[in-house]
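Okay, so here's the structure we're looking at.
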Amino acid sequence: MLGAPTIRARKRRHGDAPLVMVTAYDEPGARLVAAAGVDLILVGDSLANVVLGHENTLHVTVEEMCHHVRAVAAAKPSVHVVADMPWLSYHVGVGDSVRNAAALIRSGANSVKLEGGRVRRDVVRALLAAEIPVMGHLGLTPQSVMMLGGFKVQAKTHEAAKLLIEDAQLLQDEGVFAVVIEGVPSVVGKIVTEAIDIPTIGIGAGPDTDGQVLVFHDLLGLGNRAPAKFVRQYADLGSEITKAIGRFAQDVRSGGFPDESEAYANPEGLFD
Ligand code: KIV
């Protein structure tokens with residue numbers, strides 16, 4: 001398993017391979033993702049929308065996140081597990097933030113991720129002072145959906161791009177070990193990656209970041225809405241699952257399931 005200091009040193013410009021991060025929310029998901037050889041598993045607060053059926057990530061709590069971190073940890077994945085700090089778990093006070101992050105760590109995470117730059121400085125400091133490795137998240141930060149007025153590409157002006165780069169530098173200087181860059185023009189993904197010495201992990205940030213992350217359900221075709229532009233869907237498991245269950249239903253209704261090989265033999269003499 002890669003520890004936070006090892007991940008912190010990974011940069012493509014040093015000749016390192018890009019980091020691969022995929023979300024997982026339960027034991028089977030974590031087992032499959034780990035078996036594929038990823039570098040990091042993210043128990044994302046996307047749990048809210050991709051698993052629990054909410055409209056956005058604002059609806060998931062620390063308790064729910066811990067429940068799913070425990071399920072992921074149960075797979076003993078031998079992969080660094082990052083847990084998202086959900087909305088309002090690090091916005092109210094520093095003490096609360098440390099306690100909430102600790103709950104995620106005690107549930108089995110190796111680090112936590114939180115959204116925002118300069119406004120999160122005190123929280124990042126407190127978490128690091130409590131020995132909790134922190135991953136940052138800048139750009140299109142889904143927990144800010146109401147303030148952003150929707151899921152819109154960020155850093156489209158020179159001024160906004162400059163602020164994002166400054167935030168990434170600030171997070172690096174505070175000691176975060178990596179930063180997710182989401183939903184920005186490719187050139188911003190490239191420039192921010194060049195501007196800092198910690199790895200950037202992109203999602204909708206173009207090809208030049210130090211790694212890429214995708215959501216499990218998007219990557220596998222299990223989502224309930226049209227995937228975003230930046231998603232590459234590697235399988236259509238949703239259709240496969242529906243087809244397989246349809247075949248089961250057909251077999252049950254036609255009497256074709258179970259057959260003899262799927263049933264226990266009758267003991268001799270029973271009900272002669
Ligand atoms: O919650 C999540 O899945 C995320 C990724 C989009 C990076 O934060």
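Determine which single condition LEU138 fails, assuming it passes every other condition in (1) outside any loop (DSSP other than H, G, I, E, B); (2) away from the ligand (no atom under 15 Å from the Cβ).
Going through (1) outside any loop (DSSP other than H, G, I, E, B); (2) away from the ligand (no atom under 15 Å from the Cβ) one by one, LEU138 breaks only (2).
Just the residues that are within 14 Å of the ligand (Cβ to nearest atom) and free of Cβ contacts under 8 Å to residues at least 40 places away in the same chain, please, taken from the stretch 182-208.
Result: GLY189, THR200, GLY202, ILE203.
Regarding the stretch 54-62, can at least one residue be identified that is modelled with pLDDT of 95 or more, surrounded by fewer than 22 Cβ atoms within 10 Å (Cβ to Cβ), within 13 Å of the ligand (Cβ to nearest atom) and hydrophobic (A, V, I, L, M, F, W, C)?
Looking through the stretch 54-62, at least one residue is modelled with pLDDT of 95 or more, surrounded by fewer than 22 Cβ atoms within 10 Å (Cβ to Cβ), within 13 Å of the ligand (Cβ to nearest atom) and hydrophobic (A, V, I, L, M, F, W, C).
Examine the stretch 78-86 for a residue that is among the hydrophobic types (A, V, I, L, M, F, W, C), in contact (Cβ under 8 Å) with a residue 12 or more places away in the chain and in a helix (DSSP H, G or I), and state whether such a residue exists.
Checked against the condition, which is being among the hydrophobic types (A, V, I, L, M, F, W, C), in contact (Cβ under 8 Å) with a residue 12 or more places away in the chain and in a helix (DSSP H, G or I), the stretch 78-86 yields no hits at all.
Taking the condition of being closer than 13 Å to ALA102 by Cβ and among the basic types (Lys, Arg), how many residues in the stretch 117-152 meet it?
0
Going by what's in this entry, would VAL79 be described as more than 13 Å from the ligand (Cβ to nearest atom), more than 17 Å from VAL180 (Cβ to Cβ) and buried (at least 20 other Cβ atoms within 10 Å of the Cβ)?
no
Scan the stretch 33-52 and tell me whether some residue there is more than 23 Å from ASN100 (Cβ to Cβ) and either basic (Lys, Arg) or touching a residue at least 60 places away in the same chain (Cβ under 8 Å) (or both).
Yes, that holds for at least one residue.
Could you tell me which of the residues VAL20, VAL38, VAL69 is assigned to a helix (DSSP H, G or I), within 14 Å of the ligand (Cβ to nearest atom) and under 15 Å from the mean Cα position of the chain (by Cα)?
Of the residues listed, the single one that is assigned to a helix (DSSP H, G or I), within 14 Å of the ligand (Cβ to nearest atom) and under 15 Å from the mean Cα position of the chain (by Cα) is VAL69.
The values are calculated or read from the model by the stated rules, or taken from the named source; none is laboratory data. As the structure is a computational prediction, the values presented were derived from the model and not from experiment. A quick note on method: Cβ atoms are made from the backbone with ideal geometry, for glycine too, and the neighbour counts reach across all protein chains shown.
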